[in-house]
Amino acid sequence: MGFYVYPQSGVPSAAEGTVGSHVVSDPDPRRAIPSVQRVIEALDPQSARALRVTCARAAVAAARDAIEAGTSPSEAEVIADAAAALRGKRLALLGPVVNATGILLHTNLGRSPLSAELLEAMSAAAGYTNLEYQLDEGRRGSRHAHAGHLFAEAVGAQAGMVVNNNAAAVLLCLAALARDREVVVSRGELVEIGGGFRVPEIMAETRARLVEVGTTNRTRADDYRGALGAETALLLKVHASNYRMIGFVAETPIAELALLGPPVMVDAGSGLLDETTPWLDAPPDWLAGEPGVRQCLEAGARIVTFSGDKLLGGQQAGIIVGDRELVHRCASHPLARAVRADKLTLAGLQAVALAYLAGEPDLLGFWRLATEPMSALAARADALALGLAGAKVIETEAAAGGGSLPGRTIPSVGVAISVDDVDGVLAALRSERIVARAQDGAVVCDLRTVEAGDDQRLAAALARATGGDSSSAGT
Ligand SMILES: *Cc1c(COP(=O)(O)O)cnc(C)c1O
């Protein structure tokens, strides 16, 4: 006992018997305080040792303070105190959660899930890689030669590159292609995407000059034409990812803008590579109206940016594809260095690009979940609901989320459990790292976003949280 370093200097150890001039009555209550080592040993060995040490020290220190204040906590209380703190710290650590919200690209829950194959590709790149090295020539290469090149191939572009996220991609394109020059944008597309990404503000950061044209609801080719001048660097179209305008609206198609002269840049946002979804049997209804990167390019866009972790189904990244000359200017701009993607991101996205090129959507977590047949979801929901008191299987509306496809829902199946204390049950589930949702006075778990391998865990947690029985669930 007693090999630890006491965290606060100047505090006497338990063996000294007195605290300052105050003589502690016999039996010395500090004897009841366990050592830090003893508390560490009593905590869940599955948790990180660093956290156990911190929580044990804090609980022992608090117990000493309590004794000075005249109370005497027992050993069990000190351990319970440390265990509660440890639970809180563990819950706050970044780690897996079960997403039962039905929102596939939930930004707060890390957007697109990554498949095992993708992780394998990433882990294979953990050591040394030919990140910027040409093995055939034995000389320096480009980090855009792998994933960036493959994405260009997948969408029919001349060149491509990968950066940290789509916000960075837009920033880099504007800085590299339009600094101190003018960028013409429709007033209907001066959008805020969320998380502080506002088109006019990003543009101001790059020192590109924003030229607003048209009105909020209608912008015609003539509006753009009227704004053209010697200073025009780009015509920018921003996909209004997270909202939809209906009614008396008109936007100018890329094909018309492309006839005006200056290069057209498109911030496509969600990263649907191709509207015809050749990697699926047929395009799902809920994708209707979402622009494909390939189609933007075919219509005449010279440079297109999109996210890696939205409909593309990869990790956080931004992808730039387009004309060789324009992509090259982006890649050689000084900001490219500040927003460049690391080898793990590039390795994962290379696997994503290869999955698209091979037409293997199952390698892409998003598409696998988004296209799981209703019959399979219903069978899983039946099994889940079977052992839970008050549970019933319901049809639900899942959503792509992540600021894409607003107003469009993906048919899904869930389990609804009527409980008195909906918020309490949701909190109990969260304490087990499960995020469900409230709906009509019930706790609803939407299975569209739950990996089938998590069903049993979900059933057990639901049973605990609702006081029901899950004996037959998941069997
Ligand atoms: C999501 C989105 C962004 C931001 O992309 P991140 O990858 O989250 O940085 C920018 N523009 C549009 C149109 C988007 O949909």
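Restricting to bridges with both residues inside the chain, how much of the DSSP beta-bridge set is antiparallel, in percent to the nearest 5?
On the way: 34 of 55 bridges.
So the antiparallel bridges in the chain amount to around 60 percent.
Which one, Trp286, Gln158, Gly247, projects farthest toward the positive side of the charge dipole computed for the chain from Cβ point charges (K/R +1, D/E -1)?
Of the candidates, Gln158 comes out farthest on the positive side.
What does the convex hull of the alpha-carbon atoms of segment 94-152 project to on average, in nm²? Display every interim value, and only then the final one.
Numbers: hull surface 24.8 nm².
The directionally averaged projection comes out at 6.2 nm².
Find how much the distance from Asn217 to Arg337 grows on full extension, using 0.36 nm per residue of separation minus their present alpha carbon separation; answer in nm with one decimal. Working shown, then result.
Details: separation 120, 0.36 × 120 = 43.20 nm, distance 3.78 nm.
That pair, Asn217 and Arg337, stretches by 39.4 nm at full extension.
Given Cα pairs under 8 Å that are at least 6 residues apart, what percent is the relative contact order of segment 195-340?
Numbers: 185 pairs, mean separation 25.0, N = 146.
Reported as a whole number, the value is 17 percent.
Residues with beta-carbon under 12 Å from that of His239, excluding His239: net charge, scoring Lys, Arg +1 and Asp, Glu -1?
Numbers: positive: Lys237, Arg244, Lys310; negative: Glu189, Glu251, Asp267, Glu290.
So the surrounding residues net to -1.
Quote to one decimal, in nm, the extra length available between Asp423 and Glu360 on full extension: 0.36 nm per residue of separation minus the C-alpha distance between them. Mind dumping the intermediate values first?
Working: separation 63, 0.36 × 63 = 22.68 nm, distance 4.00 nm.
Net length gain for the segment: 18.7 nm.
Rg and Dmax of segment 192-260, Cα atoms, in Å?
According to the Cα coordinates of segment 192-260, Rg and Dmax are 13.0, 35 Å.
With +1 on each Lys and Arg Cβ and -1 on each Asp and Glu Cβ, how big is the dipole of segment 268-380 about its Cα centre, in debye rounded to the nearest 20? Don't skip to the answer; put the middle values down first.
Working: 10 positive and 13 negative charges, 116 e Å.
That gives a dipole near 560 debye.
In segment 64-144, which GluC sites (Glu not before Pro) fall in coil by DSSP and have 15 or fewer other Cβ atoms within 10 Å? The partial results should precede the final answer.
Values: sites: Glu68, Glu75, Glu77, Glu117, Glu120, Glu132, Glu137; in loops: Glu132, Glu137.
Passing sites in segment 64-144 are Glu132, Glu137.
Quick one: putting +1 on the C-beta of Lys and Arg, -1 on the C-beta of Asp and Glu, what dipole do you get for the chain around its Cα centre, in Debye to the nearest 20?
So the dipole magnitude of the chain works out to roughly 1100 debye.
I'd like the Karplus ³J(HN,Hα) series for segment 33-42: coefficients 6.51, -1.76, 1.60, θ = phi - 60°, whole numbers in Hz, and an x wherever there's a Gly or Pro.
Along segment 33-42, the couplings run 6, x, 6, 4, 4, 4, 5, 4, 5, 7 Hz.
In whole percent, and with a 1.4 Å probe on the protein chains, what portion of the accessible area of segment 298-350 is carbon and sulfur? Write out the running numbers ahead of the final one.
Numbers: 940 of 1910 Å².
Roughly 49 percent, rounded to a whole number.
I'd like the accessible area for Asp267: 1.4 Å probe, protein heavy atoms, all chains in place, Å² to the nearest 10.
The accessible area comes out at roughly 10 Å².
List the longest stretch of the chain that has no exposed loop site; here a site is one of the trypsin sites (Lys or Arg not before Pro) assigned by DSSP to anything other than H, G, I, E or B, with at most 13 other Cβ within 10 Å. Kindly include the intermediate steps, with their values, before the conclusion.
Details: sites that count: Arg207, Arg244.
Answer from the scan: 245-475.
Can you bin every Cα-Cα distance in segment 40-103 into 5 Å intervals starting at zero and give me the percent of pairs per bin, rounded to whole numbers?
Percent of Cα pairs in each bin: 4, 17, 24, 18, 13, 9, 6, 4, 3, 1, 0.
How large is the dipole of segment 310-361 about the Cα centre if only Lys and Arg carry +1 and Asp and Glu carry -1, each at its Cβ, rounded to the nearest 20 debye?
Numbers: 6 positive and 4 negative charges, 41 e Å.
Dipole about the Cα centre, nearest 20: 200 debye.
Once neighbouring chains are kept in place and the probe is 1.4 Å, which whole percent of the accessible area of segment 379-475 is contributed by carbon and sulfur? If you can, show how the numbers build up before the last one.
On the way: 1980 of 4110 Å².
Answer for segment 379-475 is 48 percent, counting heavy atoms of protein chains only.
Among rounded, prolate and oblate, which fits segment 76-222 when a ≥ b ≥ c are the square roots of the eigenvalues of its C-alpha gyration tensor, a/c under 1.5 means rounded, and a/b larger than b/c means prolate?
Since a/c reaches 1.5 but b/c is at least a/b, the shape of segment 76-222 is classed as oblate.
Within straight cross-link reach of Lys89, meaning Cα distance under 19 Å, which aspartates and glutamates are found once same-chain residues fewer than 8 apart are removed?
Glu41, Asp44, Glu77, Asp81, Glu432
Amide H of Arg181 versus every other amide H placed in the peptide plane: which residues, excluding those fewer than 5 positions away on the same chain, fall under 5 Å?
Arg209
So for His146, His328, what's the accessible-area order with a 1.4 Å probe, most first? The partial results should precede the final answer.
Numbers: His146 40, His328 120 Å².
The ordering from most to least exposed comes out as His328, His146.
What are the principal axis extents of the Cα atoms in the chain, in Å, biggest first?
Principal-axis extents of the Cα atoms in the chain, largest first: 93, 54, 50 Å.
Evaluate the relative contact order of the chain (contact order divided by residue number), counting alpha-carbon pairs under 8 angstrom at least 6 apart; express in whole percent.
After rounding, I find 18 percent.
What nm distance separates the two modelled labels at Glu205 and Arg324, each placed 7 Å from Cα along Cα→Cβ?
Computed distance between label sites Glu205 and Arg324 equals 3.2 nm.
Please say if segment 235-280 is rounded, prolate or oblate, where rounded means a/c under 1.5 for a ≥ b ≥ c the square roots of the C-alpha gyration tensor eigenvalues, and otherwise the choice is prolate for a/b larger than b/c and oblate otherwise? Walk me through the intermediate numbers first.
Values: a/c = 1.89, a/b = 1.19, b/c = 1.58.
Taking the square roots of the gyration eigenvalues as a ≥ b ≥ c, segment 235-280 is oblate.
Long-range amide H contacts for Ala399: which residues qualify at under 5 Å (H placed 1.01 Å from N, peptide plane, sequence gap of 5 or more or a different chain)?
When sequence neighbours closer than 5 places are left aside, the close amide H contacts are Ile103, Leu104, Ile410.
So what is the accessible area of the chain per residue, in Å², with the probe set to 1.4 Å?
Values: 22290 Å² over 475 residues.
Accessible area per residue, the chain: 47 Å².
Compute the distance in nm between two label points, each set 7 Å from the Cα along the Cα-to-Cβ direction, one at Lys392 and one at Gln439.
For Lys392 paired with Gln439, the spin-label model returns 1.3 nm.
The values are calculated or read from the model by the stated rules, or taken from the named source; none is laboratory data. Because the structure is predicted, anything quoted here is derived from the model rather than measured. We place every Cβ from the backbone using ideal geometry, glycine too, and count neighbours over all the protein chains shown. Heavy atoms of the whole protein, side chains included, go into the accessibility calculation; ligands, DNA and RNA do not. Shrake-Rupley method; radii C 1.70, N 1.55, O 1.52, S 1.80 Å.
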